[in-house]
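Enquirer: Here it is: the structure, laid out below.
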Amino acid sequence: MTYLFVLDDDLKASYTAIDDLNTVDFDYIKFNGGEPHLTIKNPIAYKNATGVIFATKLRNGDDFLKLAAAVNAFNNLFTGAKFFLEIAYFPGSRQDRVCNPGEAFSAKMYGELLNNLIKWESIQILDQHSDVSSAVLDNGYNNSNIRFVLSALEIIDVKEGVLVSPDAGANKKVYEVAKVLNDHYEDSFEVVRADKLRNLKTGEIIETTVYTEDLTGKTCIIVDDICDGGRTFIELAKVLKAKGAQHVILIVTHGIFSKGFDVVLEHIDQIVTTNSFIDLTADDGDRITVLGINEDYFKRN
């Protein structure tokens, strides 16, 4: 029997809402010194386990230590079970190379830490930022954002529009999404490319270019993997609306929104994201939609 070990309460809510899975119950605390401690409840119940799926958001060091404690606790109980990992958010994915002498290669660092925890049958990532993320993992696989984008458009009832690629790095993904959408919706979505110019010293976006002239009355859907502070999408939305876009929607898999939603919603009409980083409670039932990740997101397309 395969069991599901979900390390985050919010993620557990979205997994179990969809799937009738055998979940592992556990207690997790931190000692006064900050050390994590995890105890599996009723451990004898899992003696016939043939596989264990560990699911985590993995947003920070604490999440990693919680995962490490869970793997260690289960591995101490029984031998012979196969271990699988499903990562909703892969940390360090934007630090996918060494740009300056002396800095950490974060994506590789997290990859090595995960590889050393246990022998994984597979480590699956949702919508990786770059190919480096899965490449640094033993038996690492990426799952595209196509399933999420399809679900997002169905939830907000959008059946046609303009898919906007925010920069060169997103082009391949957006064109792949467009192909699937146009097969599904009979060629109802066109693609428009955009690009941005940054100040290399400050990181500030000093120019945004959208490669089309007229978007009058169009619904524009920006598709990307990560929204942190949101400046890329804010500046892009300004240009889209200046070209006549009637409605601008942001569909982003990993919504960090470090500066809050309000600053983004000043320029973008609607946001759809997952609970890979934020919680389901962020969904306001109006302009912010948070779709809950479940095991179906990790079935390879």
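The values are calculated or read from the model by the stated rules, or taken from the named source; none is laboratory data. The structure presented is a predicted model; accordingly, all values stated were derived computationally and were not measured. Here Cβ is always computed from backbone atoms with ideal geometry, including for glycine, and neighbour counts include all displayed protein chains. We work out accessible area using only protein heavy atoms, side chains counted, and drop any ligands, DNA or RNA first. Shrake-Rupley method; radii C 1.70, N 1.55, O 1.52, S 1.80 Å.
Enquirer: Roughly what angle does helix 9-18 make with the longest principal axis of the chain, taking Cα atoms, 0 to 90 degrees, to the nearest 10?
Expert: Once rounded, one gets 80 degrees.
Enquirer: A further question on this structure: Report in % the part of the accessible area of region 75-170 that belongs to carbon and sulfur, leaving out ligands and nucleic acids; probe 1.4 Å.
Expert: 47
Enquirer: Just to confirm, what accessible area per residue do you get for the chain at 1.4 Å probe, in whole Å²? Don't skip to the end; give the middle numbers.
Expert: Values: 14380 Å² over 301 residues.
That works out to 48 Å² for each residue.
Enquirer: Please list, in order along region 78-84, the HN-Hα scalar couplings obtained from phi with the Karplus expression 6.51 cos²θ - 1.76 cosθ + 1.60 (θ = phi - 60°), rounded to whole Hz, x for Gly and Pro.
Expert: Per-residue couplings from phi come out as 9, 10, x, 6, 8, 10, 10 Hz.
Enquirer: Among Val158, Val174, Asn142, whose Cα projects farthest towards the positive end of the dipole of region 131-187, with charges put on the beta-carbon of Lys, Arg (+1) and Asp, Glu (-1)?
Expert: Looking along the dipole axis, the top candidate is Asn142.
Enquirer: Name the residue from Ile87, Gly102, Leu126 whose Cα lies farthest towards the positive end of the charge dipole of region 84-146, charges +1 on Cβ of Lys and Arg and -1 on Cβ of Asp and Glu.
Expert: Gly102
Enquirer: I'd like to compare 285-293, 198-206: which one has the highest average count of other Cβ atoms within 10 Å, and what's the full order after that?
Expert: 285-293, 198-206
Enquirer: Right, next: Pulled fully out, how much extra length does the chain show between Glu186 and Leu113, if you take 0.36 nm times their separation in residues and subtract their Cα-Cα distance?
Expert: Numbers: separation 73, 0.36 × 73 = 26.28 nm, distance 4.48 nm.
Full extension from Glu186 to Leu113 adds 21.8 nm.
Enquirer: A further question on this structure: Report the charge-dipole magnitude of the chain in Debye, nearest 20, computed about the Cα centre from +1 at each Lys and Arg Cβ and -1 at each Asp and Glu Cβ.
Expert: Here the chain has a charge dipole of around 760 debye.
Enquirer: Note the angle between two axes, namely the Cα long axis of helix 231-242 and the longest principal axis of the Cα atoms of the chain, as a number of degrees from 0 to 90, rounded to the nearest 10.
Expert: Around 30 degrees separate the two axes.
Enquirer: Between helix 106-117 and the chain, what is the angle of the helix's C-alpha long axis to the longest principal axis, kept within 0 to 90° and rounded to the nearest 10?
Expert: So the helix axis and the longest Cα principal axis differ by about 30 degrees.
Enquirer: Just to be sure I understand the model, the point goes 7 Å from the Cα along the line to the Cβ. What's the resulting Ile44 to Asp269 distance in nm?
Expert: So the two model labels end up 6.1 nm from each other.
Enquirer: Ignoring everything except DSSP H segments at least 4 long, calculate the 222 nm mean residue ellipticity for the chain; use -39,500 (n - 2.57) per segment, divide by total residues, nearest 500.
Expert: Using -39500 (n - 2.57) per qualifying helix, the result is -8500 deg cm²/dmol.
Enquirer: Quick one: ranking Val177, Val239 by accessible area, 1.4 Å probe, largest first, what do you get?
Expert: Details: Val177 5, Val239 35 Å².
In descending accessible area the options line up as Val239, Val177.
Enquirer: If the reach is capped at under 23 angstrom between alpha carbons, list the lysines near Lys119, excluding any in the same chain fewer than eight residues apart.
Expert: Partners within reach: Lys47, Lys57, Lys66, Lys82, Lys108, Lys299.
Enquirer: Could you tell me which label, among [x] -0.42, -0.62; [y] -0.48, -0.70; [z] -0.58, -0.76, carries the value of log10 I(q)/I(0) by the Debye sum over Cα atoms at q = 0.09, 0.11 Å⁻¹ calculated for this structure?
Expert: [y]
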